[in-house]
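A quick write-up on the structure given underneath.
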2 protein chains.
Amino acid sequence: MAEALYVIKVGGNVIDNPALLDRFLADFAQVKGHKVLIHGGGKIATRIGDKLGIESKYVDGRRITDAATIDVVTMVYGGLVNKQVVAKLQSLQCNAIGLTGADANIIPAVKRPVKTIDYGFVGDVEPSKLNVAPLKAMLEAGLTPVFAPLTHDGNSQILNTNADTIASSLATALSAHYTVRLIYCFEKRGVLRDANDDNAVINLIDREIYQQLLADGVLSDGILPKLENAFSAIESGVNEVLIGHANDVLPNTTGAVAGTLIR
Amino acid sequence: MAEALYVIKVGGNVIDNPALLDRFLADFAQVKGHKVLIHGGGKIATRIGDKLGIESKYVDGRRITDAATIDVVTMVYGGLVNKQVVAKLQSLQCNAIGLTGADANIIPAVKRPVKTIDYGFVGDVEPSKLNVAPLKAMLEAGLTPVFAPLTHDGNSQILNTNADTIASSLATALSAHYTVRLIYCFEKRGVLRDANDDNAVINLIDREIYQQLLADGVLSDGILPKLENAFSAIESGVNEVLIGHANDVLPNTTGAVAGTLIR
């Protein structure tokens, strides 16, 4: 059996909350064995963009990444957030190395084609082109790669890319070499049967249960892309996916499952 | 004889000039064999800091890095500049990987002790603690490390660090494994005998010539730290140091030396 690898994604709401983030990173540093972290962006890019006089544009709730905005997210996600996370993990004896998808050409992407909406400098990952060899070498050397949600188009353009998708794509590609558990950490305790009840965590979801939940219309819109990413990862070789709160979903000593397990 | 390695530092004035930078990166991408790039910061951090309402403070011509400023340089040097250089090199088929000294704990530093001046979050490299193993692994894997002028204190604090010093420290540490040529690229054609005459390039400087130049008082203040770094590197195992213009000092096909050779 292949060695275990945790691919762990932590969301923007956790990045924005120093107390949550510190506790998460302390727990993350304790996770034994091979691990990869992917962090979301958080609202700090919007705050800094505002101060720089760059207006955030949204269409249908999705951010449009224009030329000024891609510079801001490159600075904030790829510089400030990524390097602060790395420095913090280093202080916790976790040998982190901060990366974007441009580094070592690990995550080539294509600028999202314009259909009805031009999302600007947003990258869609090209799963077949992922370069896992440098990542595998880092893991074997005891390093912990930490990814900002940025990719590149191979033609010198940095692209803003969904962190959930980067996580599932990396997990899938690495499942050829490791037994991969993918964990999505956010500010909820898991997938909820009732969006207003933080305790209504669904412990296990498989394809059949998912279809029933969809039919019942109980899932919130925000969780659907996460679940689609999760099923896609599992169907492509990832061992299991766990979705839960940043402060209680990481592997713990009891082995009990907190959060929602996707199989 | 050990394999050859170029450790190449490109200055902030080149980073600030898109035409110079593009040509430099095109030439850099063509350099054969193992290579490491260290880039300076440039004035863009000051411009962005100004827009964010962060005042640049200087004492004796040296920038003071307060808490707001270290965030700005982490964003700009470690994010914007570093990742744009990486994406550009990737487009030129150079398999670059962007790093700070915090990544893989390659360059531990100490916050500069306060004597008469408190420089703030400025890091002095601890040469004996450099971790070259991850760097060597990257080089052997065909990657080209690209460093922003940032280090860390091991206690989660990012530190602003002189790029010339990072270059000479890395060159020195790597000289245990490679035959290292250290190249300082800037906007002058080399060390000048007359600061007002761009053609007054001194082709060769050794310790004896250096003492004479100092005695003659012909060297500009700005070049002295570069020369001190250069001699220190050579005395610690670096094969040779070359100082010259970003667009004509990189190894070329003729083998002719442009710039100033330090031996």
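The values are calculated or read from the model by the stated rules, or taken from the named source; none is laboratory data. It should be emphasised that the depicted structure is a prediction, and the values quoted were computed from it without experimental measurement. Cβ atoms come from the backbone with ideal geometry, glycine included; neighbour counts cover every protein chain shown. These area figures cover heavy atoms from the full protein model, side chains too; ligands, DNA and RNA do not enter into them. Shrake-Rupley method; radii C 1.70, N 1.55, O 1.52, S 1.80 Å.
Tally the residues that are touching a residue at least 12 places away in the same chain (Cβ under 8 Å), of a type in the set (Gly, Ala, Ser) and facing another protein chain (nearest Cβ under 10 Å), restricting the search to segment A:84-115.
Residues flagged as touching a residue at least 12 places away in the same chain (Cβ under 8 Å), of a type in the set (Gly, Ala, Ser) and facing another protein chain (nearest Cβ under 10 Å) within segment A:84-115 amount to 5.
On the basis of being facing another protein chain (nearest Cβ under 9 Å) and surrounded by fewer than 21 Cβ atoms within 10 Å (Cβ to Cβ), does B:Gly154 make the cut?
Yes.
Please go through (1) out of contact with any Leu (no Cβ under 8 Å at 6 or more places or on another chain); (2) free of Cβ contacts under 8 Å to residues at least 24 places away in the same chain for A:Ile166 and return the number of the only condition it doesn't satisfy.
(2)
Which condition breaks for B:Val110 when tested against (1) in contact with a helix residue (DSSP H, G or I) (Cβ under 9 Å, 6 or more places away or on another chain); (2) within 30 Å of B:Glu140 (Cα to Cα); (3) aliphatic (A, V, I, L, M)?
(1)
Which residue, of A:Lys136, A:Lys88, A:Lys111, is closer than 21 Å to A:Leu5 by Cα, open to solvent by 50 Å² or more (accessible area, probe 1.4 Å) and at pLDDT 95 or above?
The unique qualifying residue is A:Lys136.
Determine the pairs where a residue that is more than 19 Å from B:Val7 (Cα to Cα) and hydrophobic (A, V, I, L, M, F, W, C), located within segment B:39-50, has a partner that is in a loop (DSSP other than H, G, I, E, B) and open to solvent by 20 Å² or more (accessible area, probe 1.4 Å) with Cβ atoms under 8 Å apart, the partner being 6 or more residues away or on another chain.
B:Ile44/B:Asp16; B:Ile48/A:Leu52
The rows are residues; the columns are (1) at pLDDT 95 or above; (2) basic (Lys, Arg); (3) under 14 Å from the mean Cα position of the chain (by Cα).
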residue	(1), (2), (3)
B:Met75	yes, no, no
B:Ala102	yes, no, no
B:Val122	yes, no, no
B:Glu126	no, no, no
B:Val132	yes, no, no
B:Ile158	yes, no, no
B:Ala171	yes, no, yes
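Quick one: which strands (runs of 3 or more DSSP E) lie wholly within segment B:169-263 and hold at least 3 residues that are in contact with a helix residue (DSSP H, G or I) (Cβ under 7 Å, 6 or more places away or on another chain) and open to solvent by 50 Å² or more (accessible area, probe 1.4 Å)?
In segment B:169-263, no matching strands (runs of 3 or more DSSP E) lie anywhere.
Yes or no, residue by residue, for (1) at positive phi; (2) open to solvent by less than 10 Å² (accessible area, probe 1.4 Å); (3) in contact with a His (Cβ under 9 Å, 6 or more places away or on another chain):
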| position | (1), (2), (3) |
| --- | --- |
| B:Asp16 | no, no, no |
| B:Phe28 | no, yes, no |
| B:His39 | no, yes, no |
| B:Gly42 | yes, no, no |
| B:Ile48 | no, no, no |
| B:Glu55 | no, no, no |
| B:Val73 | no, yes, no |
| B:Gly101 | no, yes, yes |
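Kindly provide the set of residues from segment B:132-151 that are touching a residue at least 60 places away in the same chain (Cβ under 8 Å) and at the interface with chain A (Cβ under 9 Å from one of its Cβ atoms), ordered by number.
B:Val146, B:Ala148, B:Leu150
Can you run down the residue pairs with Cβ atoms below 7 Å, 6 or more apart or on separate chains, where the first is in segment B:188-209 and over 13 Å from B:Leu227 (Cβ atoms) and free of Cβ contacts under 8 Å to residues at least 60 places away in the same chain and the partner is open to solvent by less than 60 Å² (accessible area, probe 1.4 Å) and of a type in the set (S, T, N, Q)?
That search, which allows pairs on different chains as well, returns B:Ala195/B:Ser220; B:Val201/B:Thr260; B:Asn203/B:Thr260.
Do the conditions hold for B:Asp118, that is, is it surrounded by fewer than 16 Cβ atoms within 10 Å (Cβ to Cβ) and either away from every other protein chain (no Cβ under 14 Å) or closer than 30 Å to A:Asn105 by Cβ (or both)?
Yes, satisfied.
Pick from segment B:121-131 the residues that are surrounded by 18 or more Cβ atoms within 10 Å (Cβ to Cβ) and either touching a Phe, Trp or Tyr at 6+ places or on another chain (Cβ under 9 Å) or assigned to a loop (DSSP other than H, G, I, E, B) (or both): which of them is farthest from the other protein chains (Cβ to nearest Cβ)?
Checked segment B:121-131; the qualifying residue farthest from the other protein chains (Cβ to nearest Cβ) is B:Leu130.
Which ones in segment A:51-83 are touching a strand residue (DSSP E or B) at 6+ places or on another chain (Cβ under 8 Å) and within 7 Å of another protein chain (Cβ to nearest Cβ)?
Those that are touching a strand residue (DSSP E or B) at 6+ places or on another chain (Cβ under 8 Å) and within 7 Å of another protein chain (Cβ to nearest Cβ): A:Thr74, A:Gly78, A:Lys83.
Given the structure, is B:Thr165 buried (at least 17 other Cβ atoms within 10 Å of the Cβ) and away from chain A (no Cβ under 14 Å)?
yes
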